[in-house]
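> Submitted below is the structure of interest, expressed as structure tokens.
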Amino acid sequence: MQIDNEDNMIQQAFQELLNDYLATKHRKRVEIITKAFNFANQAHKGIRRLSGEPYILHPISVAKIACNEIGLGSTSICAALLHDVVEDTDYTVEDIENIFGPKIAQIVDGLTKISGGIFGEHASAQAENFKKLLLTMNDDIRVILIKIADRLHNMRTLESQAPNKQYKIAGETLYLYAPLAYRLGLNKIKTELENLSFKYEHPEEYHEIEVKLQETATERDKVFTEFTAPIRQQLDKMGLKYRIMARVKAVYSIWNKMQTKHVTFDEVYDILAVRIIFEPVSIDDEMNNCFDIYVKLSQIYKPHPDRIRDWVSHPKANGYQALHVTLMANNGQWIEVQIRSERMNDIAEQGFAAHWKYKEGAAQAEDISPTDDDPELNKWLITIKEILDDPEPDALDFLDTIKLNLFAQEIFVFTPKGDIRTLPQNSTVLDFGFSLHTELGAHCIGAKVNHKLVPLSHKLNSGDQVEILTSRSQKVQPEWENIAATAKARAKIASILRKEAKATQQKGMDILTEFLKKEGIYVDEMVLNKLTRLHEKPTRDSLLEAIGSQTITLGEDDLNILKGKNSSSWRRFLKLPFGNKDKNNTDEPAEPTEQQPVLEKKKVKQLTKQILKLTEETIQKRYIIAECCHPIPGDDVLGYIDTKGKITIHKRQCPIAAKLKSSYGNRIIASEWDTHKQLTFLVNINIKGLDRVGLLSDVTQVISHQMNVNIRKVIIETVEGIFEGNIQLYVHDVDDVHAIIVELKRIKNIQEVIRD
């Protein structure tokens, strides 16, 4: 009976998929979709997900997302239905090709490669997989679109996973997949991925904001109705077909703003936005209609002069087009209005996949790859390919490099001839040079921005006209990696530096070989290890580089060590049989090795299955409190097990923790505090306000006498009447910090108090 019920449930889910597909404008290729479903259903028969449901429901759900939320056609739906067959069953890519043809097989192969792979203990499987994911985009962008659909369904069903798995998957999603969805124009999916990640990483904060949104919903509805009434009258007079929607800011976006701007929920003013979606009189009038609507709005409400965003004339790099304007409502509240055509709205929701839908004849065509005729997407793919072409980028560095460009806002910069270039915000002269040509960037010495001479590090603004200045004698410098803000520039700089380092190392090897040849000594691993220790270098490569660059000159000491004679450096290698016998002592220089000791896999698995209880005793003896984020009792935290078995405690929202979750998710442990105000922890409190006589005295009075808290350090500065300070305090937990902040805010002239 249960089997019959499950079969009915599976057939019903597939029928819903077919109905959704038949409602689209794609060619009705029902036969091949049904064939793919039957094949996948048979292949996955008897297999269940962790939730207990039949496994086939997962590929059906992924296919539904690809169809309904991304707008893909039959080829993609078939690939989504088949995406786990090669990885999880005995069928091969060749089997798929023989039955379904080369295109579907190519996409399934791309998806399988992303999931597969064997990596060493120190390689990040997630990072390597992400590299593969981007590599496949050069073949067919649908691979990555289906992968995003797969990740979205996994996030929607994440409750069946263990807590440490939830942290790992949520962290990886927030770090990589949400920005990637944004970069591909999938704004709706990006928002849901962020919200779901936030829900599992910070469940309490998520619930609090959800409750507050529900409590303020009636008031928002009233504001929306009153604000849009005169707008509707004007749009009716214009004779346009339109719809007006209220857009409520996402839970994650609200929380993120609260964190970055250090404001409360009530102080987030842009929770409500209004979206006007219209049908243009004709496609040629689309842009004019946007600005006509804006003119009418500005006659009703006063626009904010600094908050007009024209993405109609200059679309974002992910294809997004709209006109944003912020208007002052009658109640004194600023409200953002987004003006879009139906076409622009489709692209905002479905990204690049929607572009070709509007091309003549595309609706009835075979479902082509969405990269066709999308110059902005192709430009981005070329940039990614250039980074991937580097023969040996480190996987984790690669992730950081790519992430730089995923979420960046764009600026528009002009060449001397008037050509326009799109760059991420905060781009420098150096970034612009590398965006034009690698040679220009590599030999850049500065630029003329709007005819004024500026250095390499000068940050560019929208509308700047930039002329790059070069010199043949200029060489790429290591510090340039800190100046560059774009993925392309950083990748090129790192690649050039690596090539130069390899050339220097080879030169060092030649010098060393020639030097030892005269003494009849052959260069081998033991020789290199001894010399590395002698010159106190971390690796053999750094030793050879130093020899090649002539910062190390080989001499008698080197020969004496290699021949086993005493030398002036003998103390470095003498191991005394007395003194500190602590096994954990790391003062002695270690023999350089290519690999560090690895914690046993079994032990890691045992640790990650439990939830750490952070008590006073265990904190002092077993764990390391991360210096990057200084977590204290009461903070949402997690543990990271390093390769030596040490556990570091991070705040969950710490950027370093986000990187660890996405890169080493299998070493993350769920953790919670269980302390009783016995230990104290160091926190930084930043204060800001208007200066007056006695202000510092009042601050220290509140902290030391009223709150009875010990101050470690105070740094105070007053510039042009503005008082700013940083105070380091010893507290027991988050409750202490909140109490101190409340009391400090009561002091006259103090405007802002935040925990660093």
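> Sorted by average packing, counted as other Cβ atoms within 10 angstrom per residue and highest first, what order do 28-38, 703-713 take?
For the peptides 28-38, 703-713, the packing ranking is 28-38, 703-713.
> Relative to the present Cα-Cα distance, how much length would full extension add between ASN331 and THR218 at 0.36 nm per residue of separation?
39.1 nm
> Only bridges with both residues in segment 210-364 count here: give the DSSP antiparallel percent, nearest 5.
Antiparallel bridges make up about 75 percent of those DSSP assigns within segment 210-364.
> Taking 0.36 nm per residue of sequence separation and subtracting the Cα-Cα distance, how much length would be gained by fully extending the chain between LYS713 and ASP306, in nm to one decimal?
Answer, rounded to one decimal: 142.5 nm.
> Rounded to the nearest 0.05, what FRET efficiency is calculated for ARG472 and LYS507 with R0 set to 22 Å and r the Cβ-Cβ distance?
Efficiency, from the Cβ-Cβ distance: 0.50.
> Modelled label-to-label distance, GLN234 and PHE291, 7 Å Cα→beta-carbon offset: nm?
Computed distance between label sites GLN234 and PHE291 equals 1.6 nm.
> Of PRO102, ILE56, THR89, which is farthest towards the positive pole of segment 1-102's charge dipole, taken about the Cα centre with +1 and -1 on the beta-carbons of Lys, Arg and Asp, Glu respectively?
After comparing all options, I get PRO102.
> Under unit Cβ charges (Lys, Arg +1; Asp, Glu -1), what dipole magnitude, rounded to 20 debye, does segment 12-61 have relative to its Cα centre?
So the dipole magnitude of segment 12-61 works out to roughly 180 debye.
> Normalised by the residues of segment 148-261, what does the relative contact order come to in percent, with Cα pairs under 8 Å and at least six apart?
24
> For segment 681-755, what are Rg and Dmax over the alpha carbons, in angstrom?
Radius of gyration, then largest Cα-Cα span, for segment 681-755: 11.4, 36 Å.
> Cα-based Rg (one decimal) and Dmax (whole number) for segment 151-238, in Å?
18.0, 57
> OK, next. On the Cα set of segment 210-364, report Rg and Dmax in Å, please.
Expressed in Å, the Cα Rg and Dmax of segment 210-364 come to 16.6, 51.
> Can you sort LEU186, LEU176, LEU614 from fewest to most other Cβ atoms within 10 Å of each residue's own Cβ?
Going from sparsest to densest Cβ surroundings: LEU614, LEU176, LEU186.
> Arrange the peptides 723-736, 58-71 so that the one whose residues have, on average, the most other Cβ atoms within 10 Å appears first.
Peptide ranking by packing, descending: 58-71, 723-736.
> I would also like to ask the following. Report the extension gain between GLN299 and LEU440 in nm, rounded to one decimal, defined as 0.36 nm multiplied by the number of residues separating them, less their alpha carbon distance.
Gain in length upon complete extension: 45.9 nm.
> Starting with the highest mean, order 423-435, 682-694, 268-280, 336-348 by the number of other Cβ atoms within 10 Å, averaged over the residues of each peptide.
423-435, 336-348, 268-280, 682-694
Any read-out appearing in this document is the output of simple, stated calculations on the displayed coordinates, not a laboratory observation. These figures come from a predicted structure and were not determined experimentally. We place every Cβ from the backbone using ideal geometry, glycine too, and count neighbours over all the protein chains shown.
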